[in-house]
Amino acid sequence: MSGRTPALTPPDSALAPVRHPDAPAPGEPIGSHYEHCFGCGGEQPHGLHLAAKAGEGVSVTAEFLVRPEHQGAPGLAHGGLLATALDDTLGALNWLLRVISVTGRLETDYLRPVPVGSVLHLSAEVTAVDGRKIYATAEGRLNAPDGPVAVRADALFVEVKVEHFTENGRPEEIRAAMDDPDQIRRVRAFEVNP
Ligand SMILES: CCCCCCCCCCCCCCCC(=O)SCCNC(=O)CCNC(=O)[C@H](O)C(C)(C)COP(=O)(O)OP(=O)(O)OC[C@H]1O[C@@H](n2cnc3c(N)ncnc32)[C@H](O)[C@@H]1OP(=O)(O)O
């Protein structure tokens, strides 16, 4: 059973997404947006360590090795972590559009169990943009880019300013991020663009 709610169907006024001229080239690694991110950060020992790459158009791919720390049932990935993997892959699309956006809504279909030891091959693409609203879709395939689809999602991301983080994040982490030249460089990549 699957299907998406009307909130995830772009309105007639929505436009086709446009790849930003400074987006990473197809095949180029995108890198983590924050080293402590549970999805893609290198500093999270039990995180998913997703490694995303730019695709063609406004799309990305990523891989997720399911480790024992990611179990829900014995030997199987936890569904919430699979949603995290989809969410974080969708979040990497920010680099193709060169806007900062956050998940407003994420609807996930679980089609097959995902065993520990599997590599989930994820892909995501923006399907439409309507003002601040970014409509996107993602899927995860088992053990090969053309393997069986195990999970899929439709999502609505909403464009935000950097103040979304600086005004809402816990001050300790915000201060540390502001003191980290690499983090500032990442955020500036968005700010210098229209
Ligand atoms: C110094 C450090 C810097 C660090 C720099 C890091 C940079 C790189 C970060 C990348 C990160 C990615 C990581 C992975 C993706 C996450 O996991 S993001 C984390 C999870 N998401 C969140 O925490 C978001 C929490 N929600 C919110 O903050 C607010 O609800 C939102 C989503 C920003 C929207 O609030 P808002 O800005 O007040 O906008 P609002 O007017 O309510 O909505 C705008 C439009 O969207 C629609 N909308 C909003 N929510 C929904 C919804 N749930 N369903 C349907 N429609 C909706 C509204 O109906 C409205 O539509 P229109 O009326 O315009 O037609």
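The values are calculated or read from the model by the stated rules, or taken from the named source; none is laboratory data. Keep in mind that this is a model prediction, so the values were computed, not measured. Neighbour counts are summed over all protein chains in view; Cβ atoms, including those assigned to glycine, are modelled from backbone coordinates with ideal geometry. Surface areas here come from the heavy atoms of the whole protein model, side chains and all, with no ligands, DNA or RNA. Shrake-Rupley method; radii C 1.70, N 1.55, O 1.52, S 1.80 Å.
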(request) For the chain, build the charge dipole from Cβ charges (+1 Lys, Arg; -1 Asp, Glu) around the Cα centre, then report which of 25, 91, 143 sits farthest towards its positive end. (result) 143
(request) Taking the Cα centre of region 1-74 as origin, work out the dipole magnitude from +1 charges on Lys and Arg Cβ and -1 charges on Asp and Glu Cβ, in debye rounded to 20. (result) 220 debye
(request) Pick out which of 152, 132, 98 has the largest mean-square fluctuation in a Gaussian network model of the chain, springs linking Cα atoms closer than 10 Å. (result) 132
(message) If I take every Cα pair under 8 Å that is 6 or more residues apart in the chain, average their sequence separation and divide by the length, what percent do I get for the relative contact order?
(response) 20 percent
(request) Report the accessible area of residue 159, computed with a 1.4 Å probe over the heavy atoms of all protein chains in place, in Å² rounded to the nearest 10. (result) 60 Å²
(message) Could you tell me how far the Cα centroid of region 69-122 sits from the Cα centroid of region 140-194, in Å?
(response) 14 Å
(message) Helix-only mean residue ellipticity at 222 nm, the chain, DSSP H runs n ≥ 4 weighted -39,500 (n - 2.57), per residue, nearest 500. What is it?
(response) -5500 deg cm²/dmol
(message) Can you give me the solvent accessible area of residue 184 with a 1.4 Å probe, rounded to the nearest 10 Å²?
(response) 40 Å²
(message) Solvent-accessible area of residue 53, probe 1.4 Å, all protein chains present, reported in Å² to the nearest ten, please.
(response) 100 Å²
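What's the magnitude of the charge dipole for region 14-191 around its Cα centre, counting Lys and Arg as +1 and Asp and Glu as -1 at the beta-carbon? Answer in Debye, nearest 20.
220 debye
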(request) Please arrange 139, 69 by accessible surface area, largest first, computed with a 1.4 Å probe and ligands excluded. (result) 69, 139
(message) Apply the a/c threshold of 1.5 to the C-alpha gyration tensor of the chain and tell me whether it is rounded, prolate or oblate.
(response) oblate
(message) Can you sort 135, 110 by solvent-accessible area, 1.4 Å probe, largest first?
(response) 110, 135
